[in-house]
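J.: Sharing a structure here in structure tokens format.
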Amino acid sequence: YSSAVQKFSQTLQSFQFDFIGDTLTDDEINIAESFKEFAELLQEVELERSMMVQNASDLLIKPLENFRKEQIGFTKERKKKFEKDGEKFYSMLDRHLHLSSKKKESQLQEADLQVDKERHNFFESSLEYVYQIQEVQESKKFSIVEPVLAFLHSLFTYNNLTVELTQDFLPYKQQLQLSLQNTRNHFSSTREELEDLKKRMKEAPLTCKLPGQPTIEGYLYTQEKWALGISWVKYYCQYEKEAKTLRMTPMDQKPGAKQGTLDLTLKSCVRRKTDSIDKRFCFDIETNERSGTITLQALSEANRRLWMEAMDGKEPIYHSPITKQEEMELNEVGFKFVRKCINAVETKGIGTEGIYRTVGSNIQVQRLLNAFFDPKCPGDVDLQSGDWDIKTITSSLKFYLRNLSEPVMTYKLHKELVLAAKSENLDYRLGAIHALVYKLPDKNREMLELLIQHLVNICEHSRENLMSPSNMGVIFGPTLMRAQEDTVAAMMNIKFQNIVVEILIEHFGKIYSGPPEDTTAPPVPPPRVAARRHKPITISKRPLRERPVFFGASVEESGADRHSQTPNGSVSAEAPRPLHRSRLPAPRPGADEPGRPPAEGRPDPRAEAEVGKLVARLQDGGAKPAGKAANGVVTSPVLRTSTLQARRPAPRPGIYGKEGECDGVPKPRSHGDKPVITRPPVRPPDPPCRTPVPLRLDQRPDLIAGTAEEMPSSV
């Protein structure tokens, strides 16, 4: 499973998104980087998992194996020696008892000395064997529990990582979901425009002249006269109306031909009569570079009309056969219509869920527009009456704005506004759009201010209507801004039109507080190599979170203390350290230096370890040297109060009311007394069958608060 996750992480890391267009929105940048963020998270989890598995070997399996080999194995050797010495002693004792009393006194004394010597060896082996058994039985209480405790700490550390990642991941997830939703909204808006463009292109004849552009270009056939006849050659022609230049590039050029691109200056253009030539859609031109006329053939009748219109041909100028709806103008009636719509929406429908997103009936919309813009009585419609619902009013307002002869933000400033929205620098975006707003004609700027103020009011009720500035930008971006030419490239810029409207809504107060200091030109954009002012959302570069410490502070030991003596006399190296991520916090400042004696009246920090002090030694680099008692048994330091105790309420006076106890310190017991553990009154008393009660840290903090000097030697 871990291997599969790591391979998946590598796949995410190497995956690259492809985007159409020259610039990405902030949301698209977040989406493009999301897979790398996911890969970092998965790698972090798997790294911690591998550390946990390694810790299982270093902290649990190896210490237990070492205990079995060193302690139990050494005990078996002592047992063999004890049995061997015992057999030798008792066999010699049997022989000694069978000695005759008639032996010489010197022989009997020598035999007695040998028996005493073997008896001494046997007693020594017996004591060593008994002490070894006792040592194993006592040391396994901590030597076996200690590795399990250390492993649990490692396991909980891994589990705690998942909690940390969940807490860090939630805000990133919310931001990424917002970016996904915004991108989905932009996609839906662009798709609708593209569908509309595709429909118009299917219904209208193919044209090659973009509205508002002085240049016309496309394919034309030229009549070439040769000695043996006439041929028609296909050219790609580009005509610049202002300079009256015609560039003709041959398309059917044969290999080795010297003919190249022709640059001609137009003198006149005349339609060719149909009965004068056997080809359709022809017209003649005269140029300065060639004598005589050049006969050209267009692709269709409509196409010929466009070429002749561009070249000022001697034919009446025909309008394009594309049928258009009657265009509306930005006049007093239009302002009156917009104000009435805004007043009606803010009065009775500002909290409507999905306002402006929900579309009204086309029949009702046309009915409202026809009634309001009736030339006989324009504006004589009461939008506050119950005849018009909110959906009809909002759809009528959008229809009016979309069908203006020129959009509110004008064709002239369209390109500059889109370029400003594409900037990576947020300050430049705002400054450029601020300056461009004040380049609009007065009536356009007045209409824009009226509409943006209304959208700000709508967004202030987003808790009710669920319409954020981003949502309103998606709706009003194509409504307030339009490219003059209907191309797929223009459709791909709709998402940046949406961003312009979103910026106007979010910064309405600053933009309409007054013109910028210098309105002659927008601020110069910073160089592209500069760092982004708007950093993509990220989780892998989040600030480090302090890891919770389950067991104790670090135990600092001097170099001489980093070795412990085993029962068989060998010196073991320092215990293995658990693997940790680099995210672990640094040791706490102010820790005592190694070898420095504690101040008077202050407990020694090295002795003030937690309940898992031995585990902390495994983590922090070795154990203190074991102390030898008078009987030769290896003893361990008595544990002091743990930091776990600090999480629990301090023992209150009078809870442990046994005679001779005060301040939570038990009175030393005599050797024959059994421990009597009194539980806090918050817990019900245990049944009588549960005696003696096992010691638990959460029930008897006083028992672990004593020092070695206060504990009797029998303990």
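The values are calculated or read from the model by the stated rules, or taken from the named source; none is laboratory data. Just so it is clear, the structure is predicted and the values come from calculations on it, not from any experiment. Positions of Cβ are generated from backbone atoms using ideal geometry, with glycine treated the same way; all protein chains shown enter the neighbour counts. Remember, those area values only see protein heavy atoms, side chains included, never the ligands or the DNA or RNA. Shrake-Rupley method; radii C 1.70, N 1.55, O 1.52, S 1.80 Å.
J.: Out of Ser143, Ser100, I need the residue that is among the hydroxyl-bearing types (Ser, Thr, Tyr), more than 60 Å from the chain's Cα centre (by Cα) and assigned by the TED database to the domain that holds Pro63. Which one?
T.: Values: Ser143 fails: more than 60 Å from the chain's Cα centre (by Cα).
The match here is Ser100.
J.: Inside the range 430-443, can you point out the residues that are in contact (Cβ under 8 Å) with a residue 40 or more places away in the chain and over 21 Å from Asn343 (Cβ atoms)?
T.: Leu430, Gly431, Ala432, Ile433, His434, Ala435, Leu436, Val437, Tyr438, Lys439
J.: If you don't mind, there's one more thing I want to ask. Here is a check on your reading of the model: is Pro478 within 34 Å of the chain's Cα centre (by Cα) and open to solvent by less than 10 Å² (accessible area, probe 1.4 Å)?
T.: Taking the combined requirement at face value, the residue satisfies it.
J.: Does Asn66 satisfy the criteria of being touching a strand residue (DSSP E or B) at 6+ places or on another chain (Cβ under 8 Å) and assigned to a helix (DSSP H, G or I)?
T.: Numbers: touching a strand residue (DSSP E or B) at 6+ places or on another chain (Cβ under 8 Å): yes; assigned to a helix (DSSP H, G or I): yes.
When the stated conditions are applied, Asn66 passes them.
J.: For the range 349-366, which residues satisfy the criterion of being aromatic (Phe, Trp, Tyr) and modelled with pLDDT under 90?
T.: Correct list: empty.
J.: OK, next. Scan the range 338-362 residue by residue and report those that are more than 41 Å from the chain's Cα centre (by Cα) and assigned to a loop (DSSP other than H, G, I, E, B).
T.: Scanning the range 338-362 gives a single hit, Ser361.
J.: While we're looking at this one, here's another question. Can you tell me which of Met467, Met472 is outside any helix (DSSP H, G or I), aliphatic (A, V, I, L, M), assigned by the TED database to the domain that holds Glu416 and modelled with pLDDT of 90 or more?
T.: None of the other options fit; the residue is Met467.
J.: Taking the conditions exactly as written (more than 16 Å from Gly473 (Cβ to Cβ) and open to solvent by 70 Å² or more (accessible area, probe 1.4 Å)), does Gln181 satisfy them or not?
T.: no
J.: Any idea which residue in the range 318-348 is surrounded by the most Cβ atoms within 10 Å (Cβ to Cβ), counting only those that are of a type in the set (Ser, Thr, Tyr) and modelled with pLDDT under 90?
T.: Ser320
J.: Continuing with the same structure: Give me the pairs: first residue in the range 265-285 and under 22 Å from Leu246 (Cα atoms) and of a type in the set (Ser, Thr, Tyr), second residue open to solvent by 40 Å² or more (accessible area, probe 1.4 Å) and not in a strand (DSSP E or B), beta-carbon distance under 7 Å, and six or more apart or on different chains, which are they?
T.: Correct list of pairs: Thr265/Lys244; Thr265/Asn288; Thr265/Glu289.
J.: Another question about this same structure. Identify, from the list Asp27, Asp58, the residue that is within 17 Å of the chain's Cα centre (by Cα), modelled with pLDDT of 85 or more, surrounded by 13 or more Cβ atoms within 10 Å (Cβ to Cβ) and among the acidic types (Asp, Glu).
T.: Asp27
J.: Right, next: If we scan the range 32-49, do we find a residue that is closer than 30 Å to Lys415 by Cβ and in contact (Cβ under 8 Å) with a residue 12 or more places away in the chain?
T.: Residues of the range 32-49 that are closer than 30 Å to Lys415 by Cβ, as a first pass: 32-33.
Filter again for in contact (Cβ under 8 Å) with a residue 12 or more places away in the chain, leaving 32-33.
Looking through the range 32-49, at least one residue is closer than 30 Å to Lys415 by Cβ and in contact (Cβ under 8 Å) with a residue 12 or more places away in the chain.
J.: Checking the condition among the hydrophobic types (A, V, I, L, M, F, W, C), at pLDDT 90 or above and surrounded by 15 or more Cβ atoms within 10 Å (Cβ to Cβ), which residue from Phe74, Phe38 passes?
T.: Phe38
J.: If you take the residues in the range 14-23 that are at pLDDT below 90 and within 18 Å of the chain's Cα centre (by Cα), which one is most open to solvent (accessible area, probe 1.4 Å)?
T.: Gln16
J.: Which residue pairs have Cβ atoms under 6 Å apart, sit 6 or more places apart or on different chains, and have a first residue in the range 486-501 that is under 9 Å from Thr190 (Cα atoms) and a second that is open to solvent by less than 40 Å² (accessible area, probe 1.4 Å) and assigned to a helix (DSSP H, G or I)?
T.: As it stands, the answer is Met491/Thr190; Met491/Glu193; Asn493/Val418; Ile494/Ser189; Ile494/Thr190; Ile494/Glu193; Ile494/Pro478; Lys495/His186, since those pairs meet every condition given.
J.: Using beta carbons and a limit of 8 Å, which pairs, at least six apart or on different chains, have the first residue in the range 161-173 and closer than 20 Å to Asp27 by Cα and the second one buried (at least 16 other Cβ atoms within 10 Å of the Cβ) and of a type in the set (A, V, I, L, M)?
T.: Cβ pairs passing all conditions: Asp168/Ile539; Phe169/Leu41; Phe169/Ile539; Tyr172/Ile537; Tyr172/Ile539.
J.: Now for a different question. Looking at the range 211-233, which of its residues are surrounded by 12 or more Cβ atoms within 10 Å (Cβ to Cβ) and either within 20 Å of Arg280 (Cβ to Cβ) or modelled with pLDDT of 85 or more (or both)?
T.: Ile216, Glu217, Gly218, Tyr219, Leu220, Tyr221, Thr222, Gln223, Glu224, Ser231, Trp232, Val233
J.: Can you tell me which residues in the range 106-133 are open to solvent by less than 70 Å² (accessible area, probe 1.4 Å) and in contact (Cβ under 8 Å) with a residue 60 or more places away in the chain?
T.: Gln132
J.: Considering only residues of the range 77-105 that are at pLDDT 85 or above and either of a type in the set (Gly, Ala, Ser) or touching a His at 6+ places or on another chain (Cβ under 8 Å) (or both), which is surrounded by the fewest Cβ atoms within 10 Å (Cβ to Cβ)?
T.: Among residues in the range 77-105 that are at pLDDT 85 or above and either of a type in the set (Gly, Ala, Ser) or touching a His at 6+ places or on another chain (Cβ under 8 Å) (or both), the one surrounded by the fewest Cβ atoms within 10 Å (Cβ to Cβ) is Ser91.
J.: Among the residues of the range 117-133, is there at least one that is within 60 Å of the chain's Cα centre (by Cα), modelled with pLDDT of 85 or more and in a helix (DSSP H, G or I)? It would help to see each step written out before you state the result.
T.: Within the range 117-133, the subset within 60 Å of the chain's Cα centre (by Cα) is 132-133.
Now drop any that are not modelled with pLDDT of 85 or more, which leaves 132-133.
Filter again for in a helix (DSSP H, G or I), leaving 132-133.
Among the residues of the range 117-133, at least one is within 60 Å of the chain's Cα centre (by Cα), modelled with pLDDT of 85 or more and in a helix (DSSP H, G or I), which makes the answer yes.
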